[in-house]
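Below you'll find the structure, written out as structure tokens, and then a few comments.
The values are calculated or read from the model by the stated rules, or taken from the named source; none is laboratory data. Remember, predicted model here, so these are calculated numbers, not experimental data. Backbone-built Cβ (ideal geometry, glycine too); neighbour counts: all protein chains shown.
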Amino acid sequence: MRTAIPEQKRKLPGVADAETILRTCVHCGFCNATCPTYLLTGNELEGPRGRIYLMKNALENQDGASARTLEHIDNCLGCLSCETTCPSGVNYAHLLEDGRTRLEPLRRRAVGDRLQRALLARLLPSPRLLRPALHLARWLRPLRYLLPSKAARMLGAVPTQLTRAQIATPGVHRPAAETKARVALLTGCAQQVLGAQINDAAVRLLTRMGMEVTIPSNTSCCGALTHHMGERTRSQEMMARAVDQWEELLNAGVEAIVLTTSGCQTAVADYGHLFTGSDRAAAAQRVSAAACDITQFLDRWALPEIREMRSIRLAYHDACSMQHGLRWTQTPRELLRRTGAHVLEIPEGHICCGSAGTYHLLRVDFSTQLQERKAIHIREQKPDVVVSGNIGCLEQLASAVPETPFVHTVQWLDWATGGPCPPGLEELLAGPQITPSSTTEAAS
């Protein structure tokens, strides 16, 4: 793709990298075929190719960008399905994050939009603030029909139950037997409030496998949510604190930084790029290299003995951060098959469920359409349980398919290797039992 960026703009931070990415694009349009918003609208400007043109024009135009340009960029989920499809290797993720940061100050958002985004950027990265805010919101929820639409939508999305860790508390959790490795477990910000049982399962499973698990008491947010919202200053501050804190853990002998939130892992894996040229560049590279999704870590070790259970139809949902961001798809399925589950593939598995961090709160219309589309495909498979590796996807889909239990991958693996049964799965313990080796083939 040819570019005509003014010379004075080329000297600005990030512009040279953005231009290199732009010139990688060959206009083929393969990306549109797998883009969720293009699938819903058929609008060229709601696909990656159109958005690339919009970001290119914003860089070339002395006057910046129009409000319509900002809207089309906001409508992007950041799912990165386009990257998986692109034959030219366009780094759309870096272009999108640069574009969002560059476009944000060019147009003044409506008051309601600014307030909503500021509230999300302040609350979601802080469990200390998020928990009381959600408790208050639950009391206000019956009044949502009297409030403006944005406030009403946010209140409507408030979960009915909050969680608190019973096992995954700050400190060192040692295995009963010999220690095989030392790891740090990052418990996620919103997940501490919405899915603390996932972290409990991770501690049980890791210690059962012989891992010493450290949960830091002063862990900073990884900055992923605010980074994807275009809040560059706030996210950089969070990421800098995270790099400093996590490097201390590595210096203390921790061998791996394990995450159960694949969206966070996608951001942490990019720290090396984000801190290029800074004083933290080497530390950021070290942290990125040590961080891994929990299924990436489990793949290096043998699972404990698998309990016998009846044949179970298990549908696996790929989080976009896992399949497109990390390009990590087969190992989670293989781990699930080792437990004896009959793993089912959900049609249109490459299409986002509509959660996408804060997207389901900021872009409700598109998010709801994608949620309903995914729910239809899940019901077609008639699964006993749906498993995914990301709390956002689980929350988004569980509300759309309430008749089916949803659990995190690590919850399933914890149960299969001797842990307690996750809520909603009690009936799966009934019926004829099988050995894990008797069912290993995935359904198509």
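Does the stretch 326-346 contain any residue that is part of a helix (DSSP H, G or I), closer than 22 Å to Gln411 by Cβ and touching a Gly at 6+ places or on another chain (Cβ under 8 Å)? Steps first, please.
Within the stretch 326-346, the first condition is being part of a helix (DSSP H, G or I), and the residues that meet it are 330-338.
Filter once more, keeping what is closer than 22 Å to Gln411 by Cβ: 330-338.
Those left that are additionally touching a Gly at 6+ places or on another chain (Cβ under 8 Å): 332.
Yes, there is a match, as at least one residue in the stretch 326-346 is part of a helix (DSSP H, G or I), closer than 22 Å to Gln411 by Cβ and touching a Gly at 6+ places or on another chain (Cβ under 8 Å).
Please state which of the following conditions Arg204 fails to meet, knowing it meets all the rest: (1) of a type outside the set (A, V, I, L, M); (2) in a loop (DSSP other than H, G, I, E, B); (3) touching a Gly at 6+ places or on another chain (Cβ under 9 Å); (4) closer than 27 Å to Pro423 by Cβ.
Among (1) of a type outside the set (A, V, I, L, M); (2) in a loop (DSSP other than H, G, I, E, B); (3) touching a Gly at 6+ places or on another chain (Cβ under 9 Å); (4) closer than 27 Å to Pro423 by Cβ, the lone unmet condition for Arg204 is (2).
Take the conditions farther than 20 Å from Ala202 by Cα and in contact (Cβ under 8 Å) with a residue 40 or more places away in the chain and apply them to Gly325. Does it pass? I'd like the intermediate steps shown before the answer.
Working: farther than 20 Å from Ala202 by Cα: yes; in contact (Cβ under 8 Å) with a residue 40 or more places away in the chain: yes.
The answer is yes for Gly325.
Is it the case that Glu426 is over 19 Å from Thr331 (Cβ atoms), of a type in the set (Asp, Glu) and modelled with pLDDT under 95? Spell out how you get there, then give the answer.
On the way: over 19 Å from Thr331 (Cβ atoms): yes; of a type in the set (Asp, Glu): yes; modelled with pLDDT under 95: yes.
Yes, satisfied.
Kindly indicate whether Val401 is within 17 Å of Leu344 (Cα to Cα) and part of a strand (DSSP E or B).
Details: within 17 Å of Leu344 (Cα to Cα): yes; part of a strand (DSSP E or B): no.
Taking the combined requirement at face value, the residue does not satisfy it.
With respect to the numbered conditions (1) in contact with a Leu (Cβ under 7 Å, 6 or more places away or on another chain); (2) farther than 15 Å from His228 by Cα, which one is the sole condition not fulfilled by Arg108?
Unmet for Arg108, out of (1) in contact with a Leu (Cβ under 7 Å, 6 or more places away or on another chain); (2) farther than 15 Å from His228 by Cα: (1).
Looking at Thr20, Thr24, Thr34, which is the one that is under 18 Å from Cys79 (Cα atoms) and of a type in the set (Ser, Thr, Tyr)? Give the steps one after another, and end with the answer.
Values: Thr20 fails: under 18 Å from Cys79 (Cα atoms); Thr24 fails: under 18 Å from Cys79 (Cα atoms).
Result of the check over Thr20, Thr24, Thr34: Thr34.
Being among the charged types (D, E, K, R) and over 19 Å from Val213 (Cβ atoms) is the filter here, so list the residues in the stretch 150-181 that pass it. Step through it out loud before you land on a result.
Restricting attention to the stretch 150-181, the residues satisfying the condition of being among the charged types (D, E, K, R) are 150, 153, 164, 174, 178, 180.
Matches in the stretch 150-181: Lys150, Arg153.
What is the number of the single condition among (1) more than 17 Å from Gln411 (Cβ to Cβ); (2) touching a residue at least 60 places away in the same chain (Cβ under 8 Å) that Gly195 does not meet?
With (1) more than 17 Å from Gln411 (Cβ to Cβ); (2) touching a residue at least 60 places away in the same chain (Cβ under 8 Å) applied to Gly195, the lone miss is (1).
Give the stretch 211-239 a look and list any residue that's in a helix (DSSP H, G or I), without any contact (Cβ under 8 Å) to a residue 40 or more places away in the chain and surrounded by fewer than 23 Cβ atoms within 10 Å (Cβ to Cβ), or say none.
Selection gives Thr233, Gln236, Glu237.
Just give me the residues in the stretch 22-54 being in a loop (DSSP other than H, G, I, E, B) and surrounded by fewer than 19 Cβ atoms within 10 Å (Cβ to Cβ), in sequence order. So that I can check it myself, show each step before the final result.
The initial filter retains those residues of the stretch 22-54 that are in a loop (DSSP other than H, G, I, E, B), namely 25-29, 35, 42-43, 47.
Once the filter is applied, which keeps residues that are in a loop (DSSP other than H, G, I, E, B) and surrounded by fewer than 19 Cβ atoms within 10 Å (Cβ to Cβ), the stretch 22-54 yields Val26, His27, Cys28, Gly29, Gly42, Asn43.
Which of (1) touching a Ser or Thr at 6+ places or on another chain (Cβ under 7 Å); (2) more than 25 Å from Cys352 (Cα to Cα); (3) assigned to a loop (DSSP other than H, G, I, E, B) does Glu19 not meet, given it meets every other one?
(3)
Any chance you could count how many residues in the stretch 342-369 are in contact (Cβ under 8 Å) with a residue 60 or more places away in the chain, over 18 Å from Gln330 (Cβ atoms) and of a type in the set (D, E, K, R)?
1
Can you tell me how many residues within the stretch 371-397 are part of a helix (DSSP H, G or I) and within 16 Å of the chain's Cα centre (by Cα)?
If we filter the stretch 371-397 for residues that are part of a helix (DSSP H, G or I), which is where we start, we get 371-381, 391-397.
Now drop any that are not within 16 Å of the chain's Cα centre (by Cα), which leaves 371, 391-397.
Number satisfying all stated conditions: 8.
Considering each of Leu303, Leu344, Leu335 in turn, give the residue that is of a type in the set (A, V, I, L, M, F, W, C), at pLDDT 95 or above and over 15 Å from Phe406 (Cα atoms).
Working: Leu303 fails: at pLDDT 95 or above; Leu344 fails: over 15 Å from Phe406 (Cα atoms).
Residue meeting the stated conditions: Leu335.
Restricted to the stretch 260-301, and to residues that are part of a loop (DSSP other than H, G, I, E, B) and without any contact (Cβ under 8 Å) to a residue 12 or more places away in the chain, which residue is nearest to Gly392 (Cα to Cα)? Full working, then the answer.
Within the stretch 260-301, the first condition is being part of a loop (DSSP other than H, G, I, E, B), and the residues that meet it are 260-261, 269-270, 275-280, 299-301.
Those left that are additionally without any contact (Cβ under 8 Å) to a residue 12 or more places away in the chain: 276-279, 300.
Working: Thr276: 29, Gly277: 33, Ser278: 32, Asp279: 33, Arg300: 26 Å.
Restricting to residues being part of a loop (DSSP other than H, G, I, E, B) and without any contact (Cβ under 8 Å) to a residue 12 or more places away in the chain, the top hit is Arg300.
Give the stretch 201-236 a look and list any residue that's at pLDDT 95 or above and within 19 Å of the chain's Cα centre (by Cα), or say none. Before the answer, list the steps.
Step one: filter the stretch 201-236 for residues at pLDDT 95 or above, giving 201-215.
Those that are at pLDDT 95 or above and within 19 Å of the chain's Cα centre (by Cα): Ala201, Ala202.
Test Ala291 against the criterion of being crowded, with 22+ Cβ neighbours inside 10 Å and assigned by TED's automatic domain parsing to the domain that holds Arg182, and give yes or no.
Working: crowded, with 22+ Cβ neighbours inside 10 Å: yes; assigned by TED's automatic domain parsing to the domain that holds Arg182: yes.
When the stated conditions are applied, Ala291 passes them.
Given (1) over 17 Å from Ser81 (Cα atoms); (2) modelled with pLDDT of 90 or more; (3) not in a helix (DSSP H, G or I), identify the lone condition not met by Arg2.
Here Arg2 clears every test but (2).
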